[in-house]
Amino acid sequence: ESQHEYKQFHHVAYWELLFAHCYVGEWVKAANYAKKLLNESRWSRCVYTYLLCILFAADTTCEESKRIETVAALARKIDGLRQRLAGKSIPFEKYCSRKANRFLAKQTLMFAHYEFLYFWNGFDIVAANSQIVQGILEDLQNIWHARQSKADADDRALYFFLRAVCLRILHQPMAAENSLHEVLKL
């Protein structure tokens, strides 16, 4: 009976499971939890929709045209889902809205899933496990090499910044510093 009364505890668990799957690159499983949160929780439909959007964008297992169409449909909904409290917009919802609008304008969410992890201190959480961080770094580099020609200055800056974060965690301070210098050159 208490399982049904305290649904918000389930939502906390879904949030944690979502991030756990993100840490190991299981984007489809993470998206399933984002969808559950979107359907069941009332905390922030804007954030949950943005999460679903970036997790679909990160999943390379489905056909690209279908993925882009789904991501665009979700991105168009985000701005309308923003809430206001006492006449003020919620900063993180504003961030999600801006990122979604950027996608609609430029058709890119190259590293948004890792940016979201960074924003919620995910890199600090996985810092104790160098294998996970190494996997994230390799994924960043694979994405970068595949899409580098389509990247704008924001994508470049985000790539080099996230790369620097991973390299710092992996105890490669000189390489991390070099990546940060690349950000400063932009």
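Nothing in this text is a laboratory measurement; each read-out follows from the coordinates by a stated rule. Everything numeric in this text was worked out from a predicted model, so none of it was measured. Positions of Cβ are generated from backbone atoms using ideal geometry, with glycine treated the same way; all protein chains shown enter the neighbour counts.
Structural remarks
- When every Cα-Cα distance of the range 110-186 is counted in 5 angstrom steps from zero, the calculated P(r) takes the values 3, 17, 28, 28, 18, 6, 1 percent.
- Per DSSP, loop trypsin sites (Lys or Arg not before Pro) in the range 1-105 with at most 12 further Cβ within 10 Å: ARG42
- At most 16 other Cβ within 10 Å, DSSP loop - chymotrypsin sites (Phe, Trp or Tyr not before Pro), the range 49-120: TRP120
- Within the shell defined by Cβ-Cβ distances under 15 Å, the residues around ILE143 carry a net charge of -3, with Lys and Arg each +1 and Asp and Glu each -1.
- Summed residue charge, Cβ within 12 Å of SER41's Cβ, Lys/Arg positive, Asp/Glu negative: +4
- Loop-located GluC sites (Glu not before Pro) in the range 58-119 (DSSP state other than H, G, I, E, B) with a sparse environment of at most 14 neighbouring Cβ atoms within 10 Å: GLU63.
- Tilt relative to the chain, helix 130-147 - C-alpha long axis, 0 to 90 degrees, to 10: 80
- Counting charges near LEU180 (Lys, Arg +1; Asp, Glu -1) among other residues having Cβ under 11 Å from its Cβ returns a value of +1.
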